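Written out below as structure tokens is the structure these notes cover.
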Amino acid sequence: PAARIELATQVAAIVDALVAVPDLATNGRVAASLVRAARRARALGDLATSERAWRAARPCIESSMPDDHVACLSLLYGLANVLYELGDLDGSKELELAHLAVIQRTLADDDPLVLDSRFGLATTLFLLGELDRARALDDAVLEVWSTRLAPADRKLVAIRGNLALTCKAFGDIERALALEREIVDALETSAAPDSEDLARARHNLATTYIGL
């Protein structure tokens, strides 16, 4: 829509002005404004402007705060997501690893933030073809989530789906089928009969059977 394009243009202009501030590298207020602009640009679909804003804010934030400060962690997470959406998987992986390394220093292995970070990293690793690492992370997260979340919880469905794909890539069709059956069974007891998620899960299971 025209209004959305106009808003994105305005945000891009704001980022241009903020990046031109002479003392950007030491100006915390400008860095904070860039972070807000980065989030707004991403929400508007302007990933290039979002990336530019995150990168411009990074020197100031990382030089003025410890790496476990929420601002530093938010920066790593936010920029990693933008790079992932832009298709820069290697860049996203580097930031996701850095984010995970920091939070693992102070949080337990089964902390929800650590689990979410590992799940995101596993998805990136899968797309990069690093299947062994992706499967190990997904297995570790699934072990915890399967005891905490309802069977049809979106996170649990997503990780079982991702793990099924990884298993198929390894040729472990039996385990892939078991994971996909669990998804279908869970959704059949909780989702509406015409649910898109349920239809997709049934399609995935049928496709795997056909491939046997």
- For Ala199 and Leu131, calculate 0.36 nm times their separation in residues minus their Cα-Cα distance, and state this gained length in nm to one decimal. 21.8 nm
- Query: How much length is gained on full extension from Glu174 to Asp68, taking 0.36 nm per residue of separation minus their Cα-Cα distance?
  - Reply: 34.0 nm
- Fully extended, how many nm does the chain gain between Leu149 and Leu86 (0.36 nm per residue separation, minus their Cα-Cα distance)? 19.6 nm
- Cα pair count fraction exceeding 18 Å, expressed as % - segment 22-104: 38
- Carbon-plus-sulfur fraction of the accessible area of segment 22-158, 1.4 Å probe, in percent? 55
- Query: Based on the Cβ-Cβ distance from Arg55 to Gln10, what FRET efficiency comes out when R0 is 25 Å, to the nearest 0.05?
  - Reply: 0.80
- Message: If I require 15 Å or longer along the helix axis, counting alpha carbons, and a Kyte-Doolittle average no lower than 1.0, what helices from the chain are left? Use full DSSP H segments.
- Response: 2-19, 70-86, 112-127
- Express the accessible area of the chain per residue in Å², computed with a 1.4 Å probe while the remaining protein chains stay in the model. 53
- Query: When all C-alpha to C-alpha distances in the chain are sorted into bins of 5 Å, what percent of pairs does each bin hold, rounded to whole numbers?
  - Reply: 1, 7, 13, 13, 15, 13, 12, 10, 8, 4, 2, 1, 0
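The values are calculated or read from the model by the stated rules, or taken from the named source; none is laboratory data. Bear in mind that the values here come from a model prediction, so they are computed numbers and not experimental data. Cβ coordinates were reconstructed from backbone atoms using ideal geometry, including for glycine residues, and neighbour counts include every protein chain displayed. When the accessible area is computed, the model is the full protein with side chains, heavy atoms only, and any ligands, DNA or RNA have been set aside. Shrake-Rupley method; radii C 1.70, N 1.55, O 1.52, S 1.80 Å.
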